[in-house]
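A.B. asks: Questions regarding the structure given below will be posed in turn.
The values are calculated or read from the model by the stated rules, or taken from the named source; none is laboratory data. The structure displayed is predicted, hence computed values, not measured ones. Every residue, glycine among them, receives a Cβ derived from its backbone with ideal geometry; neighbour counts consider all protein chains shown.
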Number of protein chains: 2
Amino acid sequence: MKKILVIGSGAIGCFFASKIAKETDLTMLWRNDYQHVIDHGIKIISDKSETVFFPKIINNLKQYQEQCDYAIIATKVLPSINLIEIIKELKYLPKNIVLIQNGIHIEKEIYKNFPQCSLISALAFIAVSKVSCGIFEHFAYGRLTLGNFPTGLNQDCLDLITLFKTNNIEAKASEKIEEDRWKKLIWNASFNPISVLTGGSDTKKLLDNKNCKELLQKIMKEIIELSCQDGYNLNSDLINKNIEDTLQMRPYKTSMLLDFEAHRPMEVEAIVGNALNFAKSKSIPTPYLSTIYALLSCY
Amino acid sequence: MKKILVIGSGAIGCFFASKIAKETDLTMLWRNDYQHVIDHGIKIISDKSETVFFPKIINNLKQYQEQCDYAIIATKVLPSINLIEIIKELKYLPKNIVLIQNGIHIEKEIYKNFPQCSLISALAFIAVSKVSCGIFEHFAYGRLTLGNFPTGLNQDCLDLITLFKTNNIEAKASEKIEEDRWKKLIWNASFNPISVLTGGSDTKKLLDNKNCKELLQKIMKEIIELSCQDGYNLNSDLINKNIEDTLQMRPYKTSMLLDFEAHRPMEVEAIVGNALNFAKSKSIPTPYLSTIYALLSCY
């Protein structure tokens, strides 16, 4: 039985943990209200079904005295969260560090600091949110894309993919996970910031406005150009595909908008800042992305 | 004694009317709460002094049965306000139509529709706002720049300038009023939208943020480029001048931010939309201005 430690007990971490709880030796770090979760478990509400599971709960990483096979990190990517320091609290470094997180260029620091661990980078395509302590509602999707950083797929990564797959998660293997990160960023770097900067708009409102739809497309174009300069092969057809796919979805509030409305910090650096830093390092002009970033930096 | 009719009884209209009330035959259009103003007059609070004046008040333009020398229009420039229709309600067209309004390219329609009138275009540099019905507080400045549209200065325009000057208004004559409109737009098109789009920031907060300050400068640069393509001769030194002058002011909320916070319509078209329409007509790229406009168009 694989030993799994989940750091980041938000909606993403809890949803994916719920799927593999039965088949693994699962421990979750839960800093606040952990007694409530020990007593009542973690509940996932999805369609009309409810699942409750009771992983081992720790409220301090020092309590974890084993070497885990996979440390799954599902925190937000925020300047206030120093993952290097968090992982260093562990008595034994994990065999694999798994990042299920948003953004671009988020792996490098961890890769450099923990050469002993193999690093798996993962993207979650899911709509799930917290209802109250230990209770999460899952609305749509639930896919994962996983691959080793910087490239390839080792056996541990393939085993993790199999683990998710056998537990009804559509888990896709990626030999080029950074390319997939850029691909996901096309949507994230456009819809997320604009949903906030237009005073709080869902996807339908953004796409119903002609000027706004054009702006979304222009930001997508900049992201695609950056990804090409980063050595990946994304095609501009992805702009229309992202727009068309979003039009098929029911009106949807982005995660950044939900964070904004709840007065939580937003993942601006991971989603926009890192792309912009790359653009600057290569002297690539990105007026649309720069504007969005400057405006968000005042919030 | 000059016959003056003021249309637009907001802070701008009332402030400038207050200065010339004694020396003119002054009538003001006041659609709402006009009985209150008839009874109590219009009060301007400035520093520690207060002025109350009692102009003739009408609540319908059809009540005005004379030909005025100057119809001073001091409404906001909003798509919902059709000035052509408003002026057509008058029994006699005014000798001069005076626009004390924000924005760029706002004169052409009036110029075409009323060739019998001479058109005076004016810019107000002033910080004044409404306190309650008929009461306005004046914080700073109070300058006017006036000139005939499209260019030049006729005798009526010079007489109006003299009228303001003799009543302690620093009124400047402009032979090229459209150039002055572009010049004022450098500040208006940058600070106004960004103060709203950053969630409500005063001038100090905007300039304290490095990214935001750069964005202000980039928008100013686009406005200067547009003005040059429109045949005017604005220099890029004006960017620094606008920034430096604003740093000298005490922290200040833009008029667009005040409108936004009060849930009033914002002058987006006059201040940003018209500049952008001009850019499109000349195929001049304006990514920063376009982004700002697209975001504001969702509000």
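A.B. asks: Give B:GLU269, B:GLU261 a once-over and let me know the one that is surrounded by fewer than 16 Cβ atoms within 10 Å (Cβ to Cβ), modelled with pLDDT of 95 or more and in contact with a Gly (Cβ under 8 Å, 6 or more places away or on another chain).
C.D. replies: Criteria check complete, one pass: B:GLU261.
A.B. asks: For a quick check of your reading of the model, give me the residue pairs whose first member lies in the range B:277-299 and is more than 9 Å from every other protein chain (Cβ to nearest Cβ), whose second is in a helix (DSSP H, G or I) and of a type in the set (Asp, Glu), with beta-carbon atoms closer than 7 Å and at least 6 apart or on different chains.
C.D. replies: Taking only residues 6 or more apart or on different chains, the pairs are B:ILE284/B:GLU225; B:THR286/B:GLU222; B:LEU289/B:GLU222.
A.B. asks: Given (1) assigned to a helix (DSSP H, G or I); (2) at pLDDT below 95, where does B:LYS112 come up short, assuming only one miss?
C.D. replies: Among (1) assigned to a helix (DSSP H, G or I); (2) at pLDDT below 95, B:LYS112 violates only (2).
A.B. asks: How many residues are more than 9 Å from chain A (Cβ to nearest Cβ) and more than 23 Å from the chain's Cα centre (by Cα) if we restrict to the range B:205-225?
C.D. replies: 2
A.B. asks: Right, here's the next one. Considering the range B:187-202 alone, what residues qualify as being more than 9 Å from chain A (Cβ to nearest Cβ) and within 17 Å of B:ILE223 (Cβ to Cβ)?
C.D. replies: B:TRP187, B:ASN188, B:ALA189, B:SER190, B:PHE191, B:ASN192, B:PRO193, B:SER195 - these are the residues of the range B:187-202 that are more than 9 Å from chain A (Cβ to nearest Cβ) and within 17 Å of B:ILE223 (Cβ to Cβ).
A.B. asks: Take the residues in the range B:175-195 that are farther than 15 Å from B:VAL272 by Cα and either among the aromatic types (Phe, Trp, Tyr) or touching a strand residue (DSSP E or B) at 6+ places or on another chain (Cβ under 8 Å) (or both); name whichever of them is surrounded by the most Cβ atoms within 10 Å (Cβ to Cβ).
C.D. replies: Of all residues in the range B:175-195, those farther than 15 Å from B:VAL272 by Cα come to B:175-180.
Subsequent filtering for residues that are either among the aromatic types (Phe, Trp, Tyr) or touching a strand residue (DSSP E or B) at 6+ places or on another chain (Cβ under 8 Å) (or both) retains B:175-178, B:180.
Values: B:GLU175: 11, B:LYS176: 16, B:ILE177: 25, B:GLU178: 20, B:ASP180: 20.
Only one residue fits best here, namely B:ILE177.
A.B. asks: For B:TRP182, are the conditions met, namely being of a type in the set (Phe, Trp, Tyr), more than 14 Å from chain A (Cβ to nearest Cβ) and closer than 25 Å to B:CYS117 by Cα? Steps first, answer last, please.
C.D. replies: On the way: of a type in the set (Phe, Trp, Tyr): yes; more than 14 Å from chain A (Cβ to nearest Cβ): yes; closer than 25 Å to B:CYS117 by Cα: yes.
Answer is yes for this residue.
A.B. asks: Working only within the range A:244-269, note down all residues that are assigned to a helix (DSSP H, G or I) and either hydroxyl-bearing (Ser, Thr, Tyr) or outside the structural domain of A:LYS210 (by TED's automatic domain parsing) (or both).
C.D. replies: Answer for the range A:244-269, where residues must be assigned to a helix (DSSP H, G or I) and either hydroxyl-bearing (Ser, Thr, Tyr) or outside the structural domain of A:LYS210 (by TED's automatic domain parsing) (or both): A:THR246, A:SER255.
A.B. asks: Additional query: Picking from B:THR203, B:THR198, which residue would you name as being touching a Pro at 6+ places or on another chain (Cβ under 9 Å) and farther than 17 Å from B:ILE72 by Cβ?
C.D. replies: None of the other options fit; the residue is B:THR203.
A.B. asks: Could you please find all residues in the range B:260-276 being without any contact (Cβ under 8 Å) to a residue 60 or more places away in the chain and within 14 Å of chain A (Cβ to nearest Cβ)?
C.D. replies: Scanning the range B:260-276 gives B:HIS263, B:GLY273, B:LEU276.
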